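Structure first, commentary second.
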Amino acid sequence: QVQLVESGGGLVQPGGSLRLSCVASGSTFSINAMGWYRQAPGKQRELVAAIRSGGSTNYADSVKGRFTISRDNAKNTVYLQMNSLKPEDTAVYYCNADGYYRTSYGTWDRWGQGTQVTVSS
(Lines give C-alpha, C1' and ligand atoms only; values in the text may rest on other atoms or scores of the structure.)
Protein backbone atom coordinates (compact mmCIF):
# COMPACT_ATOMS: atom_id res chain seq x y z
CA GLN A 1 0.00 0.00 0.00
CA VAL A 2 1.27 3.44 -0.91
CA GLN A 3 0.79 6.19 1.65
CA LEU A 4 1.14 9.95 1.26
CA VAL A 5 2.12 12.23 4.14
CA GLU A 6 1.99 16.00 3.82
CA SER A 7 3.77 18.63 5.87
CA GLY A 8 4.46 22.35 5.82
CA GLY A 9 1.10 23.98 6.37
CA GLY A 10 0.49 26.74 8.88
CA LEU A 11 -0.50 30.34 9.47
CA VAL A 12 1.10 33.04 7.34
CA GLN A 13 0.43 36.72 6.73
CA PRO A 14 -0.76 37.97 3.35
CA GLY A 15 2.19 38.28 1.00
CA GLY A 16 4.10 35.58 2.82
CA SER A 17 5.36 32.20 1.66
CA LEU A 18 4.98 28.57 2.62
CA ARG A 19 6.39 25.36 1.23
CA LEU A 20 4.36 22.17 1.34
CA SER A 21 5.90 18.72 1.04
CA CYS A 22 4.34 15.33 0.35
CA VAL A 23 6.23 12.06 0.65
CA ALA A 24 5.02 8.81 -0.85
CA SER A 25 6.03 5.63 0.94
CA GLY A 26 5.46 1.95 0.35
CA SER A 27 7.15 -0.82 -1.53
CA THR A 28 7.82 -1.63 -5.20
CA PHE A 29 5.81 1.23 -6.60
CA SER A 30 6.27 3.78 -9.35
CA ILE A 31 4.67 7.21 -9.48
CA ASN A 32 3.09 8.82 -12.51
CA ALA A 33 1.47 12.13 -11.64
CA MET A 34 1.60 14.02 -8.36
CA GLY A 35 -0.49 17.02 -7.52
CA TRP A 36 -1.90 19.39 -4.95
CA TYR A 37 -5.56 20.12 -4.43
CA ARG A 38 -7.25 22.40 -1.94
CA GLN A 39 -10.63 22.71 -0.34
CA ALA A 40 -11.88 25.82 1.36
CA PRO A 41 -14.88 25.75 3.73
CA GLY A 42 -18.11 25.44 1.78
CA LYS A 43 -16.33 24.94 -1.53
CA GLN A 44 -15.47 21.97 -3.70
CA ARG A 45 -12.01 20.53 -3.80
CA GLU A 46 -10.04 22.04 -6.66
CA LEU A 47 -6.79 21.30 -8.44
CA VAL A 48 -4.01 23.70 -7.55
CA ALA A 49 -1.08 22.23 -9.47
CA ALA A 50 0.07 18.92 -10.92
CA ILE A 51 3.31 17.51 -12.23
CA ARG A 52 3.78 14.41 -14.36
CA SER A 53 6.61 11.93 -14.38
CA GLY A 54 8.20 13.70 -17.34
CA GLY A 55 8.14 17.00 -15.53
CA SER A 56 5.29 18.75 -17.32
CA THR A 57 3.16 20.89 -15.05
CA ASN A 58 -0.18 22.62 -14.98
CA TYR A 59 -1.61 25.19 -12.59
CA ALA A 60 -4.92 26.68 -11.65
CA ASP A 61 -5.25 30.17 -13.11
CA SER A 62 -5.60 31.60 -9.62
CA VAL A 63 -2.10 30.51 -8.59
CA LYS A 64 -0.12 30.95 -11.80
CA GLY A 65 2.96 33.05 -11.21
CA ARG A 66 2.75 32.62 -7.44
CA PHE A 67 2.95 28.86 -6.82
CA THR A 68 5.53 26.41 -8.12
CA ILE A 69 5.21 22.64 -8.06
CA SER A 70 8.27 20.42 -8.22
CA ARG A 71 9.19 16.84 -7.46
CA ASP A 72 12.20 14.83 -6.35
CA ASN A 73 11.79 11.41 -7.90
CA ALA A 74 14.63 9.91 -5.86
CA LYS A 75 12.80 10.88 -2.67
CA ASN A 76 9.26 10.18 -3.96
CA THR A 77 8.42 13.71 -2.88
CA VAL A 78 6.41 16.54 -4.36
CA TYR A 79 6.67 20.14 -3.22
CA LEU A 80 4.47 23.19 -3.55
CA GLN A 81 6.22 26.51 -3.10
CA MET A 82 3.60 29.14 -2.39
CA ASN A 83 4.59 32.80 -2.63
CA SER A 84 2.61 36.03 -2.42
CA LEU A 85 -0.08 34.25 -0.49
CA LYS A 86 -3.54 35.77 -0.32
CA PRO A 87 -6.38 35.26 2.17
CA GLU A 88 -8.30 33.44 -0.57
CA ASP A 89 -5.57 30.78 -0.61
CA THR A 90 -6.76 29.68 2.83
CA ALA A 91 -7.81 26.02 2.60
CA VAL A 92 -6.90 22.48 3.47
CA TYR A 93 -4.32 21.37 0.94
CA TYR A 94 -4.28 17.73 -0.13
CA CYS A 95 -1.58 15.81 -1.93
CA ASN A 96 -2.61 13.30 -4.59
CA ALA A 97 -0.52 10.82 -6.51
CA ASP A 98 -1.09 7.88 -8.81
CA GLY A 99 1.06 5.18 -10.29
CA TYR A 100 1.49 1.43 -10.48
CA TYR A 101 3.09 -1.42 -8.59
CA ARG A 102 6.21 -2.76 -10.28
CA THR A 103 5.47 -6.35 -9.23
CA SER A 104 1.83 -6.70 -10.24
CA TYR A 105 1.41 -3.64 -12.54
CA GLY A 106 -1.78 -2.89 -10.65
CA THR A 107 -2.55 0.80 -10.46
CA TRP A 108 -3.01 2.95 -7.39
CA ASP A 109 -4.32 6.42 -6.57
CA ARG A 110 -3.87 7.93 -3.12
CA TRP A 111 -4.68 11.05 -1.13
CA GLY A 112 -2.83 12.51 1.78
CA GLN A 113 -4.54 13.49 5.02
CA GLY A 114 -4.46 17.20 4.24
CA THR A 115 -2.63 20.14 5.77
CA GLN A 116 -4.19 23.45 6.76
CA VAL A 117 -2.95 26.65 5.19
CA THR A 118 -4.30 29.87 6.69
CA VAL A 119 -3.44 33.27 5.25
CA SER A 120 -4.44 36.00 7.64
CA SER A 121 -3.10 39.12 9.27
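The values are calculated or read from the model by the stated rules, or taken from the named source; none is laboratory data. This one's a predicted model, so the numbers in the text were calculated from it and none came from an experiment. Cβ sites come from the backbone with ideal geometry, for glycine too, and all protein chains shown count toward neighbours. Only protein heavy atoms, including side chains, enter the accessible area calculation; ligands, DNA and RNA are left aside. Shrake-Rupley method; radii C 1.70, N 1.55, O 1.52, S 1.80 Å.
The fraction of accessible area contributed by carbon and sulfur in the chain is 46 percent, rounded to a whole number (1.4 Å probe; ligands and nucleic acids excluded). Amide H contacts under 5 Å for Leu85: Gly15, Gly16, restricted to partners 5 or more places along the chain or on a different chain, H placed in the peptide plane at 1.01 Å from N. Rolling a 1.4 Å probe across the protein heavy atoms gives the chain an accessible surface of 52 Å² per residue.
Both numbers refer to the Cα atoms of the chain; Rg and Dmax are 14.3, 50 Å. Amide hydrogen proximity for Thr90: with H placed 1.01 Å from N in the peptide plane, the residues at 5 or more positions away or on another chain lying under 5 Å are Val119.
Listed by chain and number, the lysines placed with their C-alpha closer than 22 angstrom to that of Lys43 are Lys64, Lys86; residues fewer than eight positions away on the same chain are left out. The distance between label points at Ser121 and Thr107 comes to 4.7 nm (points 7 Å beyond Cα on the Cα→Cβ vector).
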